[in-house]
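First the structure, in the form of structure tokens, and then the observations on it.
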Amino acid sequence: MIARVLPVPRRLDLTVLGCSVALAAIGILFVASTTSGGRLSGLATRQAIWVAVGIGGLIAAVLFDYRTLLKASFPLYVAGLLPLVYLLFFGERIANVKSWIRFGGFQFQPAELAKLATALLVAHLFENEDDARLKLPAFVKLGVIVGVPFLLVFLQPDLGLALTLLPILAVGLFFGRLPLRGWIAILLAVAALSGGAWFFLKDYQKQRIATFFNPDQDVLKSGYQVRQSKIAVGSGGFAGKGFRSGTQSQLRFLPVQHTDFIFAVIAEEWGFLGVILVLGLFAALVLRCLTLARVARDRGGVFLILALSGMIFFSVVVNASMMVGLLPTTGIPLPLVSYGGSSAATTFLAIGLVLGVEYRRFANA
């Protein structure tokens, strides 16, 4: 008698989903804390709306086969680049950059979607390579695919957002088994280009870098944000001052506290325990993504998970380091937590792509 083979049931990974929703809930809570009673008091509601939109995108990404998206990755990539080109010529300058498109009282950063399209196209590149070790032409393609949106975003000029594309390149080079001499050549090229890039940076970007190397040179202007952030972190202690009881945040000493420096507010109001909670959720999210990448059914799925989780990990490390002065202020938000509708929505969309790879892991799924 031949036993009947039952199909393996599809399921969502609850660790990835639960950590993402928990981080978004904490984000809404602290956006409310940092904007209550002032002209920004409606931002928590807006953030909640964007989170809802993002969860809708997550569901759609799970239900839509990622393998179909990989096949359509080139037109999606081109479609993602077109708004970036438009912004360079016709974009409205907001906070020194042309990064935003306004519609219906909301504003959106097209570069966030361009990052996902870039990750999909690179995943498609790996999916169609026969050899595990990429050859030189494939590495050149990888550099061009990531380099074009990087340059377009850099010219807005938004250096911080442009840097968040680099994890896709780094994961691609590692995944493609770039030899040691290749890594050395890249490091030398980056060192040489960094010196030349200094002349293309705006004055405020140069001030941020100069303040990083000498924090005390201008504590009332370019060094003010990091100084106030350190005060907020240090004053939080072990358990914090209590929700909505932080002096740095509630008295508005800490600038952009609902966006770039929201982690400092968490440290002040919830203390060391709050920091451990948030970092623990991010660690569980990223580590679980790495586990899902290990068991993905194809190379395209493996790379897609690694690239998307790599972007989240990069943003968390940079934002947390920026908060305590270990890295220059770059404007990179804390994913899912910092206020920013386009960032929150596209991060959920990225998580939906990760869950979609796991959802179709088995051959009969």
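Residues of region 235-246 being open to solvent by less than 60 Å² (accessible area, probe 1.4 Å) and either charged (D, E, K, R) or assigned to a helix (DSSP H, G or I) (or both), which ones?
Residues satisfying the conditions are S235, G236.
Any idea which of (1) of a type in the set (A, V, I, L, M); (2) without any contact (Cβ under 8 Å) to a residue 24 or more places away in the chain; (3) crowded, with 20+ Cβ neighbours inside 10 Å is the one V265 doesn't satisfy?
All conditions pass for V265, except number (2).
Which residue out of V278, V302, V286 is over 20 Å from G340 (Cα atoms), β-branched (V, I, T) and in contact (Cβ under 8 Å) with a residue 60 or more places away in the chain?
From the options V278, V302, V286, the qualifying one is V302.
Pairs needed: first member in region 307-323, at pLDDT below 95; second member anywhere, among the acidic types (D, E) and crowded, with 24+ Cβ neighbours inside 10 Å; C-beta distance under 8 Å; at least 6 residues apart or different chains.
These pairs meet every condition: N319/D260; M322/D260.
Would you please name the residue that is farthest from A350 (Cα to Cα), looking only at residues in region 297-309 that are of a type outside the set (V, I, T) and open to solvent by less than 20 Å² (accessible area, probe 1.4 Å)?
G300
Between residues in region 158-181 that are in a helix (DSSP H, G or I) and residues that are among the hydroxyl-bearing types (S, T, Y) and crowded, with 18+ Cβ neighbours inside 10 Å, which pairs lie under 8 Å by C-beta distance while being six or more apart or on different chains?
From region 158-181, the pairs are L159/T330; G160/T330; L161/S99; L163/T330; I168/T118.
Kindly establish whether L188 is loosely packed, with under 12 Cβ neighbours inside 10 Å and without any contact (Cβ under 8 Å) to a residue 24 or more places away in the chain.
yes
Do the conditions hold for V122, that is, is it under 28 Å from G352 (Cβ atoms), among the hydrophobic types (A, V, I, L, M, F, W, C), open to solvent by 40 Å² or more (accessible area, probe 1.4 Å) and in contact (Cβ under 8 Å) with a residue 60 or more places away in the chain?
Criteria not met by V122.
The values are calculated or read from the model by the stated rules, or taken from the named source; none is laboratory data. Just so it is clear, the model here is predicted, and its values are computed rather than measured. Using ideal geometry, Cβ is built from the backbone for each residue, glycine included, and neighbour counts are taken over all protein chains shown. Note: accessible area is taken over every heavy atom of the protein model, side chains too, but ligands, DNA and RNA are not part of it. Shrake-Rupley method; radii C 1.70, N 1.55, O 1.52, S 1.80 Å.
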